[in-house]
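**Student:** Quick one: structure below, then a few questions.
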Amino acid sequence: MTYMVEGSTEGNFFWDAVRDFIHDPSQELIDCHQPKPILLPTGELKKPYPWHPDIVDTQIFQIGSLAIVAVPGEFSTMSGRRLRDGVKKVLIDNGWPSDTHVVIAGLSNVYTHYITTFEEYQVQRYEGASTIYGPHTLSAYKQQFEILAAALAKDTTVDPGPAPPFMLQEQISLLPPVFFDRPPLLKNFGDVLSDVLPVYTKNSNVNVTFVTANPRNSPHLEDTYLSVQFKENDSQWQEVYNDADWCTRYEWIRKNILLGESDATIYWDIPSNAKPGSYRIQHSAYAKHVLGGIKQFLGTSSVFEVK
């Protein structure tokens, strides 16, 4: 059996053959990445679209004497220190106070894998081997962020450079589309299949199951699939928890693929500080008709008491 060994700086016949079958790397790329043995020359692979970004966003934000360096990848501990120290020096040299604080905000805007120091790259452990722009990647980022830091300190503009391409419409998905949704016979979307109990105590679990549709019909951005609602004194229902809370859980189950039937079970772990009184759980989703078109529906549980 042929293994990939962490820290290797030499290739082997088997994996080199696999690489060359996919795409034989250019000599320029091999020289650039020394001493890395290239497994996949992702920088030269362009189909169905570029495997790695050719244009990378870089940003620095200021909040008082705090500088937030928005980095587009995973900096190793030492590379992050070197970047932070370089940015801080540039800011202080250009008039910022000595107590200037610089923080690294990773995985911002775009993802370019790991960024290691030149020394870490030579060792070719996992992080160094996953640094995709070669051994001088950190130096390039450090130079760019120091340019931004100087512009920030001097309140000057920098050339925005080329804009990254918008690839969202070109991405291939292996996930089949939603063809249609359909409720079971004699049921409607939002109907309750398994209702709540009349009374619960704090620290117990509430669950209710609804007739629902595929949640991929709508990502519910700035919205929620579930709402735990409390009845106020004026008989108005007020949302107190939703699917962003740790005490709730939304479980979607496809019951029948051919018929487009599915259920949604909503769980609420009642917190110890929950207000006693009347509650209900509401489910919101969108259903896709077999002839096209998507329509919203709501389902609501019975009212129950929390004591």
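**Student:** I'm trying to understand the selection: among the residues of region 51-69, which are free of Cβ contacts under 8 Å to residues at least 12 places away in the same chain and either under 12 Å from Leu91 (Cα atoms) or assigned to a loop (DSSP other than H, G, I, E, B) (or both)?
**Tutor:** Result: Trp51, Asp54, Gly64.
**Student:** While we're on this one: Which residues, taken from region 21-39, are assigned to a loop (DSSP other than H, G, I, E, B), surrounded by 15 or more Cβ atoms within 10 Å (Cβ to Cβ) and of a type outside the set (D, E, K, R)?
**Tutor:** Quick first cut of region 21-39, residues assigned to a loop (DSSP other than H, G, I, E, B) only: 23-26, 33-39.
Restricting the remaining residues to those that are surrounded by 15 or more Cβ atoms within 10 Å (Cβ to Cβ) gives 23, 25, 33, 36-39.
Passing the criteria: His23, Pro25, His33, Pro37, Ile38, Leu39.
**Student:** Also: Are any of the residues in region 242-254 out of contact with any Pro (no Cβ under 6 Å at 6 or more places or on another chain), at negative phi, assigned to a loop (DSSP other than H, G, I, E, B) and of a type in the set (A, V, I, L, M)?
**Tutor:** yes
**Student:** Could you list, in sequence order, all residues of region 14-64 that are within 21 Å of Arg125 (Cβ to Cβ) and under 25 Å from the mean Cα position of the chain (by Cα)?
**Tutor:** Leu40, Thr42, Gly43, His52
**Student:** To continue, here is another question. Look through Gly80, Gly95 and report the one residue that is modelled with pLDDT of 95 or more and part of a loop (DSSP other than H, G, I, E, B).
**Tutor:** Values: Gly80 fails: part of a loop (DSSP other than H, G, I, E, B).
After ruling out the rest, the residue left standing is Gly95.
**Student:** Of everything in region 61-105 that's under 18 Å from Ser130 (Cα atoms) and not hydroxyl-bearing (Ser, Thr, Tyr), which residue is surrounded by the most Cβ atoms within 10 Å (Cβ to Cβ)? Show your work before the answer.
**Tutor:** Start the filter on region 61-105 by keeping residues that are under 18 Å from Ser130 (Cα atoms), which leaves 71-80.
Then drop every residue that is not not hydroxyl-bearing (Ser, Thr, Tyr), which leaves 71-75, 78, 80.
On the way: Val71: 25, Pro72: 20, Gly73: 22, Glu74: 18, Phe75: 23, Met78: 13, Gly80: 19.
Out of the qualifying residues, it is Val71.
Conditions tested, residue by residue: (1) of a type in the set (S, T, N, Q); (2) within 19 Å of Tyr200 (Cα to Cα); (3) in contact (Cβ under 8 Å) with a residue 40 or more places away in the chain.
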{"site": "Asn233", "(1), (2), (3)": "yes, no, no"}
{"site": "Asn242", "(1), (2), (3)": "yes, yes, no"}
{"site": "Cys247", "(1), (2), (3)": "no, yes, no"}
{"site": "Trp252", "(1), (2), (3)": "no, no, yes"}
{"site": "Asn256", "(1), (2), (3)": "yes, no, no"}
{"site": "Leu259", "(1), (2), (3)": "no, no, yes"}
{"site": "Trp268", "(1), (2), (3)": "no, yes, yes"}
{"site": "Lys275", "(1), (2), (3)": "no, yes, yes"}
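**Student:** Failed condition for Leu298, given (1) at pLDDT 95 or above; (2) assigned to a loop (DSSP other than H, G, I, E, B); (3) surrounded by fewer than 17 Cβ atoms within 10 Å (Cβ to Cβ); (4) among the hydrophobic types (A, V, I, L, M, F, W, C), with all others met?
**Tutor:** Condition (2) is where Leu298 drops out.
**Student:** Also, I was wondering about something else. So is Ser262 assigned to a strand (DSSP E or B), within 20 Å of Ser194 (Cβ to Cβ) and not aromatic (Phe, Trp, Tyr) or not? Outline the logic, then answer.
**Tutor:** Working: assigned to a strand (DSSP E or B): yes; within 20 Å of Ser194 (Cβ to Cβ): yes; not aromatic (Phe, Trp, Tyr): yes.
For Ser262, the condition - assigned to a strand (DSSP E or B), within 20 Å of Ser194 (Cβ to Cβ) and not aromatic (Phe, Trp, Tyr) - is met.
**Student:** Would it be correct to say that Ile257 is among the β-branched types (Val, Ile, Thr), surrounded by fewer than 18 Cβ atoms within 10 Å (Cβ to Cβ), more than 26 Å from the chain's Cα centre (by Cα) and within 28 Å of Lys288 (Cβ to Cβ)? Break it down stepwise before answering.
**Tutor:** Working: among the β-branched types (Val, Ile, Thr): yes; surrounded by fewer than 18 Cβ atoms within 10 Å (Cβ to Cβ): yes; more than 26 Å from the chain's Cα centre (by Cα): yes; within 28 Å of Lys288 (Cβ to Cβ): yes.
Yes; evaluated as a whole, the condition is true for this residue.
**Student:** Right, here's the next one. Does Ser108 satisfy being buried (at least 17 other Cβ atoms within 10 Å of the Cβ) and either within 18 Å of the chain's Cα centre (by Cα) or outside the structural domain of Phe166 (by TED's automatic domain parsing) (or both)?
**Tutor:** Values: buried (at least 17 other Cβ atoms within 10 Å of the Cβ): yes; either within 18 Å of the chain's Cα centre (by Cα) or outside the structural domain of Phe166 (by TED's automatic domain parsing) (or both): yes.
When the stated conditions are applied, Ser108 passes them.
**Student:** Also, quick follow-up: Being closer than 13 Å to Ala285 by Cβ and assigned by TED's automatic domain parsing to the domain that holds Ser302 is true for just one of Pro219, Pro198. Which residue is that? Spell out how you get there, then give the answer.
**Tutor:** Working: Pro198 fails: closer than 13 Å to Ala285 by Cβ.
Testing whether each residue is closer than 13 Å to Ala285 by Cβ and assigned by TED's automatic domain parsing to the domain that holds Ser302 leaves just Pro219.
The values are calculated or read from the model by the stated rules, or taken from the named source; none is laboratory data. Being a predicted model, the structure only gives us computed values, none of them experimental. FYI the Cβ positions are ideal-geometry reconstructions off the backbone, even for glycines, and counts take in every protein chain you see.
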